[in-house]
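> Following this message is one structure expressed as C-alpha coordinates.
The values are calculated or read from the model by the stated rules, or taken from the named source; none is laboratory data. Only a predicted model underlies this, so the values are computations on that prediction, with no experimental measurement involved. Cβ sites come from the backbone with ideal geometry, for glycine too, and all protein chains shown count toward neighbours. Just the protein is used for accessible areas: all its heavy atoms, side chains included, with ligands, DNA and RNA removed. Shrake-Rupley method; radii C 1.70, N 1.55, O 1.52, S 1.80 Å.
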Amino acid sequence: MSLITVTVRKPKSTAFKDGLFDAVQAALAATGMAPTDEFQRVLELDAEDFHFDTGYPDLSAARNDDFALIELLWSAGRSAQVKKLFLDDLMKRLDASGYAPENVMVCFKETSRENWSFAGGRVVHN
(Lines give C-alpha, C1' and ligand atoms only; values in the text may rest on other atoms or scores of the structure.)
Protein backbone atom coordinates (compact mmCIF):
# COMPACT_ATOMS: atom_id res chain seq x y z
CA MET A 1 0.00 0.00 0.00
CA SER A 2 1.18 3.47 -0.80
CA LEU A 3 -0.24 6.97 -0.78
CA ILE A 4 1.43 9.43 -3.12
CA THR A 5 1.19 13.20 -2.72
CA VAL A 6 2.64 15.39 -5.45
CA THR A 7 2.97 19.08 -4.66
CA VAL A 8 3.44 21.53 -7.54
CA ARG A 9 2.96 25.21 -8.29
CA LYS A 10 -0.15 26.36 -10.16
CA PRO A 11 -1.09 26.13 -12.92
CA LYS A 12 -0.34 22.65 -14.22
CA SER A 13 -2.12 20.87 -17.03
CA THR A 14 -3.82 17.52 -16.64
CA ALA A 15 -1.19 16.05 -18.99
CA PHE A 16 1.62 17.35 -16.76
CA LYS A 17 0.07 15.85 -13.62
CA ASP A 18 -0.87 12.58 -15.32
CA GLY A 19 2.70 12.24 -16.61
CA LEU A 20 4.02 12.45 -13.05
CA PHE A 21 1.36 10.07 -11.72
CA ASP A 22 2.01 7.52 -14.48
CA ALA A 23 5.79 7.60 -13.94
CA VAL A 24 5.40 7.16 -10.18
CA GLN A 25 2.92 4.30 -10.57
CA ALA A 26 5.13 2.47 -13.09
CA ALA A 27 8.19 2.89 -10.85
CA LEU A 28 6.25 1.53 -7.88
CA ALA A 29 5.18 -1.49 -9.93
CA ALA A 30 8.84 -2.05 -10.86
CA THR A 31 9.60 -2.43 -7.13
CA GLY A 32 6.94 -5.14 -6.76
CA MET A 33 3.96 -3.01 -5.74
CA ALA A 34 0.65 -4.25 -7.14
CA PRO A 35 -0.25 -2.27 -10.29
CA THR A 36 -3.78 -1.73 -8.94
CA ASP A 37 -2.45 -0.21 -5.69
CA GLU A 38 -2.91 3.35 -6.90
CA PHE A 39 -3.75 6.12 -4.47
CA GLN A 40 -2.37 9.44 -5.69
CA ARG A 41 -3.23 13.06 -5.17
CA VAL A 42 -1.85 16.39 -6.31
CA LEU A 43 -1.66 19.58 -4.31
CA GLU A 44 -1.45 22.50 -6.70
CA LEU A 45 -0.41 25.64 -4.83
CA ASP A 46 0.12 29.30 -5.64
CA ALA A 47 3.78 30.40 -5.69
CA GLU A 48 3.36 32.24 -2.40
CA ASP A 49 2.22 28.97 -0.78
CA PHE A 50 5.01 26.74 -2.13
CA HIS A 51 8.58 27.91 -1.59
CA PHE A 52 11.68 25.90 -2.51
CA ASP A 53 15.39 26.46 -2.97
CA THR A 54 16.27 26.45 -6.67
CA GLY A 55 19.72 24.92 -6.21
CA TYR A 56 19.86 22.89 -2.99
CA PRO A 57 21.96 20.87 -2.46
CA ASP A 58 24.11 20.61 -5.61
CA LEU A 59 21.89 20.55 -8.69
CA SER A 60 23.28 20.50 -12.20
CA ALA A 61 20.36 22.71 -13.31
CA ALA A 62 18.23 25.06 -11.22
CA ARG A 63 14.73 24.10 -10.18
CA ASN A 64 11.98 26.08 -11.86
CA ASP A 65 8.21 26.47 -11.63
CA ASP A 66 7.78 22.85 -12.78
CA PHE A 67 9.41 21.58 -9.56
CA ALA A 68 7.54 18.62 -8.06
CA LEU A 69 7.78 17.39 -4.48
CA ILE A 70 6.75 13.72 -4.38
CA GLU A 71 5.92 12.30 -0.95
CA LEU A 72 5.60 8.55 -0.86
CA LEU A 73 3.89 7.13 2.24
CA TRP A 74 4.17 3.35 2.41
CA SER A 75 4.50 0.50 4.86
CA ALA A 76 7.81 0.29 6.70
CA GLY A 77 10.37 -2.33 5.90
CA ARG A 78 11.56 -1.60 2.39
CA SER A 79 15.31 -1.68 1.99
CA ALA A 80 17.51 1.12 0.76
CA GLN A 81 18.03 -1.02 -2.34
CA VAL A 82 14.29 -1.02 -3.11
CA LYS A 83 14.13 2.75 -2.61
CA LYS A 84 17.10 3.22 -4.92
CA LEU A 85 15.45 0.96 -7.53
CA PHE A 86 12.31 3.09 -7.31
CA LEU A 87 14.29 6.34 -7.67
CA ASP A 88 16.37 5.06 -10.60
CA ASP A 89 13.31 3.81 -12.43
CA LEU A 90 11.30 6.97 -11.74
CA MET A 91 14.06 9.28 -12.94
CA LYS A 92 14.55 7.29 -16.15
CA ARG A 93 10.82 7.45 -16.86
CA LEU A 94 10.63 11.18 -16.17
CA ASP A 95 13.71 11.90 -18.27
CA ALA A 96 12.29 9.83 -21.17
CA SER A 97 9.05 11.83 -21.02
CA GLY A 98 10.92 15.15 -21.17
CA TYR A 99 10.58 16.00 -17.49
CA ALA A 100 13.85 17.15 -15.87
CA PRO A 101 14.80 14.75 -13.04
CA GLU A 102 16.67 17.57 -11.27
CA ASN A 103 13.27 19.24 -10.89
CA VAL A 104 11.97 16.41 -8.68
CA MET A 105 12.42 15.83 -4.96
CA VAL A 106 11.24 12.56 -3.41
CA CYS A 107 10.55 12.03 0.28
CA PHE A 108 9.91 8.51 1.59
CA LYS A 109 7.69 8.25 4.64
CA GLU A 110 7.14 4.93 6.37
CA THR A 111 4.43 3.74 8.70
CA SER A 112 3.80 0.35 10.26
CA ARG A 113 1.23 -1.90 8.62
CA GLU A 114 -1.28 -1.71 11.48
CA ASN A 115 -1.71 2.01 10.69
CA TRP A 116 -3.61 1.31 7.45
CA SER A 117 -7.36 0.84 7.15
CA PHE A 118 -8.25 0.40 3.50
CA ALA A 119 -12.02 0.48 3.86
CA GLY A 120 -14.83 0.11 6.37
CA GLY A 121 -12.61 0.78 9.35
CA ARG A 122 -10.96 -2.62 9.04
CA VAL A 123 -7.32 -2.86 10.04
CA VAL A 124 -5.95 -5.38 7.58
CA HIS A 125 -2.60 -6.07 9.23
CA ASN A 126 -2.47 -6.79 12.95
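> What dipole magnitude, in Debye to the nearest 20, does the chain give about its Cα centre under +1 on Lys/Arg Cβ and -1 on Asp/Glu Cβ? The partial results should precede the final answer.
Working: 14 positive and 19 negative charges, 90 e Å.
With Lys and Arg at +1 and Asp and Glu at -1, about 440 debye.
> Next question. When only Cα pairs under 8 Å and 6 or more residues apart are kept, what is the percent relative contact order across the chain?
Relative CO of the chain lands at 32 percent.
> Return the label of the correct value of Cα extents along the principal axes in Å, as calculated from the structure shown, out of [x] 44, 25, 20; [y] 45, 30, 26; [z] 46, 36, 29.
So the calculated entry is the one marked [y].
> Relative to the longest principal axis of the C-alpha atoms of the chain, give the angle of the C-alpha long axis of helix 14-30, reported between 0 and 90° and rounded to the nearest 10°.
Tilt of helix 14-30: around 50 degrees.
> Defining a contact as two alpha carbons under 8 Å apart and six or more residues distant in sequence, what relative contact order in percent does segment 1-46 show?
Once normalised by length, the contact order is 69 percent.
> Right, here's the next one. Along Cα→Cβ, 7 Å out, is where each label goes; now give me the distance between the ones at Val123 and Gln81 in nm to one decimal.
Distance between label points: 3.2 nm.
> Gaussian network model of the chain, Cα springs within a sub-10 Å range: biggest mean-square fluctuation belongs to which of Asp22, Asp53, Asp88?
Evaluated over the chain, the most mobile residue of the options is Asp53.
> Measure nothing but the geometry: give the 0 to 90° angle between the long axis through the Cα atoms of 80-96 and the longest principal axis through the Cα atoms of the chain, rounded to 10°.
For 80-96 against the chain, the angle is about 40 degrees.
> Between beta-carbons, use under 11 Å as the cut-off and find the net charge around Asp49, counting Lys and Arg +1, Asp and Glu -1. Intermediate results must be reported in sequence, preceding the final value.
Details: positive: Arg9, Lys10; negative: Glu44, Asp46, Glu48.
Net of charged neighbours comes to -1.
> Same structure, new question: How much of Lys10 can a 1.4 Å solvent probe reach, expressed as accessible area in Å² and rounded to 10?
110
> If you take the charge dipole of the chain about its Cα centre, with +1 on Lys and Arg Cβ and -1 on Asp and Glu Cβ, which of Phe50, Asn115, Phe39 is farthest toward its positive end?
Asn115
> Can you tell me how much longer the chain between Ala96 and Ser60 gets when fully stretched, taken as 0.36 nm per residue apart minus their C-alpha distance, in nm with one decimal?
Details: separation 36, 0.36 × 36 = 12.96 nm, distance 1.77 nm.
Between Ala96 and Ser60, full extension yields an extra 11.2 nm.
> Could you check how much of the accessible area of the chain is carbon and sulfur, as a whole percent, using a 1.4 Å probe? Numbers along the way, then the final one.
On the way: 3850 of 7360 Å².
Here it works out to 52 percent.
> Right, another one. Within 9 Å, Cβ to Cβ, of Ser75, how many net charges do the neighbouring residues add up to if Lys/Arg are +1 and Asp/Glu are -1?
Numbers: positive: Arg78, Arg113; negative: Glu110.
So the surrounding residues net to +1.
> Given the -39500 (n - 2.57) contribution per DSSP H run of 4+ residues, what per-residue ellipticity at 222 nm results for the chain, rounded to the nearest 500 deg cm²/dmol? Provide the component values of the computation, followed by the final result.
On the way: 2 runs with 34 residues, N = 126.
About -9000 deg cm²/dmol.
> Please compute the per residue accessible area over the chain with all protein chains in place, 1.4 Å probe, rounded to a whole number of Å². Mind showing how you got there, number by number?
Details: 7360 Å² over 126 residues.
Accessible surface, normalised per residue, equals 58 Å².
> Please give the net charge around Ala23, taking every other residue with its beta carbon less than 14 angstrom from that of Ala23, where Lys and Arg add +1 and Asp and Glu add -1.
Details: positive: Lys17, Lys92, Arg93; negative: Asp18, Asp22, Glu38, Asp66, Asp88, Asp89, Asp95.
So the environment of Ala23 carries a net charge of -4.
> Between segment 1-21 and segment 85-113, what's the alpha-carbon centroid distance in Å?
12
> Name the residues of segment 88-112 whose amide N is less than 19 Å from a point 7 angstrom out from the Cα of Lys17 along the C-beta direction?
Those under the cut-off are 99, 104-105.
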